[in-house]
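Engineer: Before we start, here is the structure in question, set down as structure tokens.
Please treat every number below as a calculation from the coordinates, not as lab data. Just so it is clear, the structure is predicted and the values come from calculations on it, not from any experiment. So basically every Cβ, Gly included, is an ideal-geometry build from the backbone, and we count neighbours across all protein chains shown.
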């Protein structure tokens, strides 16, 4: 083994040892978000189950509320409500591609901004608020019912994405605030 090969081997072993040491040093720094905390506060999942979601008008609002209710407490059990989640949804439809022969849009993108505010039922103090964004594209065909179904599927996909974003933000707040 030449001097150069020995130097390269020592450098590789040094990098490997450094990586292993960093991995061991940071292994205990993470705590699962839904794990019970050592503090006297209930676990995040219990707090999420105590959220009442206010209804929204329109079809997209219905999908969004149902998806959020499922994300917060998919068990179907009853829990004493402690928090109220109010939502507003602003949707935009953009036609991306237009057929030059027929002048009709062949695809569209539905974009939705959902603003949410979580408040306590008792005093009405705001706990967390924010805005979530999602978009979904779909094909518009000349078959009327296929185009309608594609638009509904896009709304359902957006509702799922927004519900996951909102649930994650609220859960992260509960996990960090204890």
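Engineer: Hey, what angle do you get for helix 144-177 against the long axis of the chain, alpha-carbon based, 0 to 90 degrees rounded to 10?
Structural biologist: Once rounded, one gets 50 degrees.
Engineer: For the chain, set up a Gaussian network in which alpha carbons nearer than 10 Å are linked by springs, and say which option among 152, 47, 69 fluctuates the most.
Structural biologist: Looking only at 152, 47, 69, the biggest GNM fluctuation is shown by 152.
Engineer: Now a separate question. Quick one: if the Förster radius is 25 Å, what FRET efficiency do residue 117 and residue 93 give, using the C-beta to C-beta distance and rounding to 0.05?
Structural biologist: On the way: r = 26 Å, r/R0 = 1.02.
Using R0 = 25 Å, I get an efficiency of 0.45.
Engineer: Give the separation of the Cα centroids, the stretch 41-110 to the stretch 123-178, in Å.
Structural biologist: 5
Engineer: Follow-up question, since we're still on this one. Based on other C-beta atoms within 10 Å, arrange 51, 97 from fewest to most.
Structural biologist: Fewest-to-most Cβ neighbours within 10 Å comes out as 97, 51.
Engineer: On to the next question. Let me have the 222 nm mean residue ellipticity of the chain computed from DSSP H runs of 4+ only, each contributing -39500 (n - 2.57), with the sum over all residues rounded to the nearest 500. Write out the running numbers ahead of the final one.
Structural biologist: Values: 4 runs with 79 residues, N = 178.
Mean residue ellipticity at 222 nm (helix-derived): -15000 deg cm²/dmol.
Engineer: Radius of gyration and Dmax for the stretch 41-177's Cα atoms, expressed in Å?
Structural biologist: Reported Rg and Dmax, both Å: 17.7, 63.
Engineer: Roughly what would the spin-label model give for residue 19 and residue 152, points 7 Å off Cα along C-beta, in nm?
Structural biologist: Each label point is offset 7 Å from its Cα along the Cβ direction, giving 5.1 nm.
Engineer: With angles folded into 0 to 90 degrees, how steeply does helix 58-72 sit against the dominant principal axis of the chain? Use alpha carbons for both and round to 10.
Structural biologist: On a 0 to 90 degree scale, this one is about 30.
Engineer: For the residues 98, 53, 112, what sequence is obtained by ranking on other C-beta atoms within 10 Å, fewest first? Provide the component values of the computation, followed by the final result.
Structural biologist: Details: 98 12, 53 24, 112 21.
Least crowded to most crowded, the residues run 98, 112, 53.
Engineer: When the chain is fully extended, how far beyond the present Cα-Cα distance does residue 133 get from residue 54, taking 0.36 nm per residue of separation?
Structural biologist: On the way: separation 79, 0.36 × 79 = 28.44 nm, distance 1.90 nm.
So the chain would gain 26.5 nm between residue 133 and residue 54.
Engineer: Measure nothing but the geometry: give the 0 to 90° angle between the long axis through the Cα atoms of 3-26 and the longest principal axis through the Cα atoms of the chain, rounded to 10°.
Structural biologist: Around 60 degrees separate the two axes.
Engineer: Just for the chain, what percent of DSSP beta bridges are antiparallel, to the closest 5?
Structural biologist: 90
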